[in-house]
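Shown next, in structure tokens, is the structure this report addresses.
The values are calculated or read from the model by the stated rules, or taken from the named source; none is laboratory data. In this text, all values refer to a predicted model and were calculated from it rather than measured experimentally. Note that we place each Cβ from the backbone using ideal geometry, even for glycine, and neighbour counts take in every protein chain shown. For accessibility, only protein heavy atoms count, side chains too; no ligands or nucleic acids. Shrake-Rupley method; radii C 1.70, N 1.55, O 1.52, S 1.80 Å.
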Amino acid sequence: MNIIVCIKQVPDTAEIKINPETNTLMREGVPSIINPFDLHALEAAVRIKEDLGARVTALTMGPPQAESSLREAISMGADDAVLLSDRAFAGSDTWATSYALAGAIRKLGADIVFCGKQAIDGDTAQVGPETAEFLDIPHVSYVRNIEWIRDNTIRVQRLMDEGYDVVESPLPVLLTVVKELNQPRMPSLKGKMAAKKAQIRMMGKADIEADEDSLGLKGSPTKVKSIFAPETKAGRMMIEGGPEEQVDILIKELRKIKCL
Amino acid sequence: MDYFLDEEQLMIRDLARQIADEKIVPVRAELDEKEEFPWDIMKALAQSDFFGLYIPEEYGGLGKGGFELSIAIEELSRACLGVSTSYAANALGTYPILLFGSEEQKKKYLPDIASGRRLVAFALTEANAGSDAAGVQTTARLEGEEYVLNGTKQWITNGGEAEIYTVIAITDRAKGARGASAFIVEKGTPGFTFGKKENKMGIRASSTRELIFEDCRIPKENLIGRQGMGFIVAMKTLDKSRTGVGAQGVGVAQGAFEAAVNFAKERRQFGAPVISFQAVQHMLADMATQIEAARALVYSVARYIDSGARDVSKESAMAKLFATDVAMKVTVDAVQVMGGSGYMREYPVEKMMRDAKILQIYEGTNQIQRNIIGQSLIKETAKKRQGG
Ligand SMILES: Cc1cc2nc3c(=O)[nH]c(=O)nc-3n(C[C@H](O)[C@H](O)[C@H](O)COP(=O)(O)OP(=O)(O)OC[C@H]3O[C@@H](n4cnc5c(N)ncnc54)[C@H](O)[C@@H]3O)c2cc1C
Ligand SMILES: Cc1cc2nc3c(=O)[nH]c(=O)nc-3n(C[C@H](O)[C@H](O)[C@H](O)COP(=O)(O)OP(=O)(O)OC[C@H]3O[C@@H](n4cnc5c(N)ncnc54)[C@H](O)[C@@H]3O)c2cc1C
């Protein structure tokens, strides 16, 4: 079985600054980490490898510096790493990112593709599902548990606002994962030693046989007009006390705002 | 100070430190309080390959030496001696197999030990055999293809949790010091059970337990080395592992020292941080100097042993003796520097002080270390005279 884990290198903070003139992210001077959700994706892949046997490839699209994240992925159990990097990819939005990732995944071949639920910088949660669409394979998002894999089928639990869905899908499939899925392991010494020596495979636009117009800025339909933090809605209140007491207060409050 | 660690040694130190900071520090007080074996941490150490550090690559280890093991032990001890004891006792239990085991025994046991799938313990001590190992009363009688073990071992670290035990038992009492042999006994062997689990002053996360052998039959192949070599196996094992106890001393002293310095910078009395008082500075200066001296000795001895030196009893005894006496002194002084806060469970140093005491006792008390050093001195002077 071949598993590809898409990892994104992100700045080590949830509070990224945005350049007010260009409306783009300012990444200078911030240390980079692997997107935390992607560590859960990697852990899931490595556990499947340990249980059923598989080859785990970490894939990232990014600048040459993203190589350090790929080495870290190897130290945590990935067998291979691929860096998808090309000037032509610069300025990609989620569409162009997914298009390029899908091109690489098609070349590499995968039975399961893992993504994080979302990246802590871009935060769109679009890349996983979009990549699946480009690949024309099913996807399940917000996976919180993998129940089993057999006969070319996988059964997972998808986290919902309340409870979870149980979803079965044929392979190949793309899964985006939430933190509830597992506890990512520490790197291992053997992994770290392997990571130091590992050859990172490079792929550029020529390797993914891409349509030039679908790459980078040119291939990005998103135009960022302005970025702002949405206003948080005020007037929240917590009701305490026993159930009956709470119901009484709730009714009173609802009447007050004329909802009852 | 820079000890010129190579890239892989730095990797080992940094990863051990990361595990210590992320997995051990947050739970150490609770493990101490509840006297709970740190299985989660053992699993993390296993997953990160720490159990195979000193085991040759052909048996699934990393093929490093006692020096690298000491670095790892030091870092874990900086966070919690109870955890580091549970970890280091594996090396103690494994050395008999590593040093004297047959190829078959190595193939059978070392891969599981290196991966951390099975923990190991070393069992020498008994009620009447503490400092005086010759007092061992557990017997192993050869009956056909099996040895039959009878007796009780006490205070065995990892007892009950470990699955592989290296056990010293008497095979021929008439032969005195040459009458003991070393054996491998697996958990689950009929006739092998566990007795009382001790309630201890310190290193409470580690398990210290009785092993009871009642007509416990093990295959003849479980004899380590030859019959009669038991005490040699035990002594060479302790020679090898003692620097690890020294490394525990360096680590716990470092941990206590750091807590004391941080506290002294923050705590204000008489209108100034207490670290500004020269009396406090002098204590901290002595602590820092003693720790560095202990570390330098432990590292030097560990490297000396790894170089393949033949007789290392004296040097390993020195490393254990000095570094663990430093650990006791530094942890007591750390409590002093922190005053009443140091005495409270809210801060880590009272535990470190309780924990440090064991280092002067196990794997040979520090009196016994001085005896070993003294005997080596006598031997050396005798040799010099002979040589003219
Ligand atoms: C407002 C805004 C402005 C932006 N400005 C810029 C800009 O100026 N320059 C620029 O370079 N980018 C910019 N981006 C970022 C770019 O669009 C996204 O980083 C990228 O498309 C991924 O989207 P995301 O971060 O929302 O990832 P999500 O869709 O949230 O990520 C989900 C998962 O997809 C996978 N994934 C995502 N990205 C990658 C990747 N690169 N490689 C491998 N796997 C991946 C990971 O598994 C991740 O967990 C901007 C994004 C936004 C929202
Ligand atoms: C927490 C813990 C874990 C342990 N783990 C293990 C283990 O995993 N495996 C194992 O085999 N054992 C283990 N031990 C046993 C440990 O090695 C012994 O406790 C130690 O060797 C001392 O023996 P003793 O306690 O019987 O002290 P004793 O030998 O009774 O000594 C009492 C006092 O007399 C002194 N003394 C004795 N003889 C001399 C002498 N000749 N000269 C000068 N002073 C002397 C000692 O230094 C000490 O101060 C453990 C002990 C403890 C407390």
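Descriptive notes on the structure:
- Consider segment A:128-145 and keep the residues that are within 18 Å of A:Ala44 (Cβ to Cβ) and open to solvent by less than 40 Å² (accessible area, probe 1.4 Å). The one that is nearest to ligand 1 (Cβ to nearest atom) is A:Gly128.
- Look at (1) at pLDDT 95 or above; (2) surrounded by fewer than 21 Cβ atoms within 10 Å (Cβ to Cβ); (3) among the hydrophobic types (A, V, I, L, M, F, W, C); (4) within 15 Å of ligand 2 (Cβ to nearest atom) and you find that B:Met229 fails only one, number (4).
For every residue, the table says whether it meets (1) outside the structural domain of B:Pro96 (by TED's automatic domain parsing); (2) under 20 Å from B:Leu99 (Cβ atoms); (3) in contact (Cβ under 8 Å) with a residue 60 or more places away in the chain; (4) open to solvent by less than 10 Å² (accessible area, probe 1.4 Å).
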residue	(1), (2), (3), (4)
B:Thr152	yes, no, yes, no
B:Thr166	yes, yes, yes, yes
B:Arg173	yes, no, no, no
B:Gly176	yes, no, no, no
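- Residue-level analysis places B:Asp306 outside the set of residues that are among the acidic types (Asp, Glu) and within 16 Å of B:Val332 (Cα to Cα).
Table: residues versus (1) among the basic types (Lys, Arg); (2) under 15 Å from B:Glu163 (Cβ atoms); (3) at pLDDT 95 or above; (4) not assigned by TED's automatic domain parsing to the domain that holds B:Thr85.
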{"position": "B:Ser102", "(1), (2), (3), (4)": "no, no, yes, no"}
{"position": "B:Ile113", "(1), (2), (3), (4)": "no, yes, yes, no"}
{"position": "B:Thr125", "(1), (2), (3), (4)": "no, no, yes, yes"}
{"position": "B:Gln137", "(1), (2), (3), (4)": "no, no, yes, yes"}
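- Out of B:Phe183, B:Phe194, sole residue that is away from ligand 2 (no atom under 12 Å from the Cβ), in a strand (DSSP E or B) and open to solvent by 30 Å² or more (accessible area, probe 1.4 Å): B:Phe194
- Residues in segment B:122-133 include none that are away from ligand 1 (no atom under 16 Å from the Cβ) and touching an Asp or Glu at 6+ places or on another chain (Cβ under 8 Å).
- Out of B:Ile24, B:Ile55, one residue alone is among the β-branched types (Val, Ile, Thr), touching a helix residue (DSSP H, G or I) at 6+ places or on another chain (Cβ under 9 Å) and more than 28 Å from B:Gly202 (Cβ to Cβ). It is B:Ile55.
- Residue within segment B:243-264 that is touching a strand residue (DSSP E or B) at 6+ places or on another chain (Cβ under 7 Å) and of a type outside the set (Gly, Ala, Ser) present: no
- Considering A:Ile7, A:Ile48, A:Ile3, the condition of being out of contact with any Pro (no Cβ under 8 Å at 6 or more places or on another chain) and near ligand 1 (Cβ under 10 Å from one of its atoms) is satisfied by A:Ile7 alone.
- B:Ser131 vs. criteria within 16 Å of ligand 2 (Cβ to nearest atom), in a loop (DSSP other than H, G, I, E, B) and under 20 Å from the mean Cα position of the chain (by Cα): yes
- Residues satisfying the stated conditions in segment B:268-312, i.e. surrounded by fewer than 13 Cβ atoms within 10 Å (Cβ to Cβ) and of a type outside the set (A, V, I, L, M, F, W, C): B:Arg268, B:Gln269, B:Gly271, B:Gln278, B:His282, B:Thr289, B:Ser307, B:Gly308, B:Arg310, B:Asp311
- Selection status of B:Ile203, assigned to a loop (DSSP other than H, G, I, E, B), more than 16 Å from ligand 1 (Cβ to nearest atom) and touching a helix residue (DSSP H, G or I) at 6+ places or on another chain (Cβ under 8 Å): yes
Quick grid of which residues meet (1) in contact (Cβ under 8 Å) with a residue 40 or more places away in the chain; (2) under 26 Å from B:Glu380 (Cβ atoms); (3) assigned by TED's automatic domain parsing to the domain that holds B:Ile203:
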{"site": "B:Arg267", "(1), (2), (3)": "yes, no, no"}
{"site": "B:Ala279", "(1), (2), (3)": "no, no, no"}
{"site": "B:Leu284", "(1), (2), (3)": "yes, no, no"}
{"site": "B:Ala288", "(1), (2), (3)": "no, no, no"}
{"site": "B:Tyr299", "(1), (2), (3)": "yes, yes, no"}
{"site": "B:Tyr304", "(1), (2), (3)": "no, yes, no"}
{"site": "B:Arg310", "(1), (2), (3)": "no, yes, no"}
{"site": "B:Ala323", "(1), (2), (3)": "yes, yes, no"}
{"site": "B:Arg345", "(1), (2), (3)": "yes, no, no"}
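- Residue in segment B:100-112 that is within 25 Å of B:Gly255 (Cα to Cα) and more than 16 Å from ligand 1 (Cβ to nearest atom) present: no
- Condition met for B:Val252 (over 26 Å from the mean Cα position of the chain (by Cα), open to solvent by less than 40 Å² (accessible area, probe 1.4 Å) and in contact (Cβ under 8 Å) with a residue 40 or more places away in the chain): no
- Taking segment B:99-135 as the range and being open to solvent by less than 50 Å² (accessible area, probe 1.4 Å), of a type in the set (D, E, K, R) and over 30 Å from B:Asn366 (Cβ atoms) as the test, the residues that pass are B:Lys106, B:Asp112, B:Arg118.
Table: residues versus (1) surrounded by 19 or more Cβ atoms within 10 Å (Cβ to Cβ); (2) modelled with pLDDT under 95; (3) of a type in the set (Phe, Trp, Tyr); (4) out of contact with any helix residue (DSSP H, G or I) (no Cβ under 7 Å at 6 or more places or on another chain).
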{"residue": "A:Val5", "(1), (2), (3), (4)": "yes, no, no, no"}
{"residue": "A:Val30", "(1), (2), (3), (4)": "no, yes, no, yes"}
{"residue": "A:Ala44", "(1), (2), (3), (4)": "yes, no, no, no"}
{"residue": "A:Thr60", "(1), (2), (3), (4)": "yes, no, no, no"}
{"residue": "A:Leu70", "(1), (2), (3), (4)": "yes, no, no, yes"}
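- For segment B:63-73, the condition holds for at least one residue, the condition being that it is more than 9 Å from chain A (Cβ to nearest Cβ), surrounded by 22 or more Cβ atoms within 10 Å (Cβ to Cβ) and either of a type in the set (S, T, N, Q) or without any contact (Cβ under 8 Å) to a residue 24 or more places away in the chain (or both).
- Just one of the listed residues (A:Leu171, A:Leu181, A:Leu83) is more than 11 Å from ligand 1 (Cβ to nearest atom) and surrounded by 18 or more Cβ atoms within 10 Å (Cβ to Cβ), and it is A:Leu181.
- Residue count, segment B:33-53 (criterion: more than 10 Å from every other protein chain (Cβ to nearest Cβ) and open to solvent by less than 60 Å² (accessible area, probe 1.4 Å)): 6
- Flag: A:Asp38 matches the condition of being buried (at least 20 other Cβ atoms within 10 Å of the Cβ), out of contact with any helix residue (DSSP H, G or I) (no Cβ under 7 Å at 6 or more places or on another chain) and of a type in the set (D, E, K, R).
- Residue that is farthest from the other protein chains (Cβ to nearest Cβ) [pool: residues in segment B:8-32 that are under 15 Å from B:Gly255 (Cα atoms) and among the β-branched types (Val, Ile, Thr)]: B:Val25
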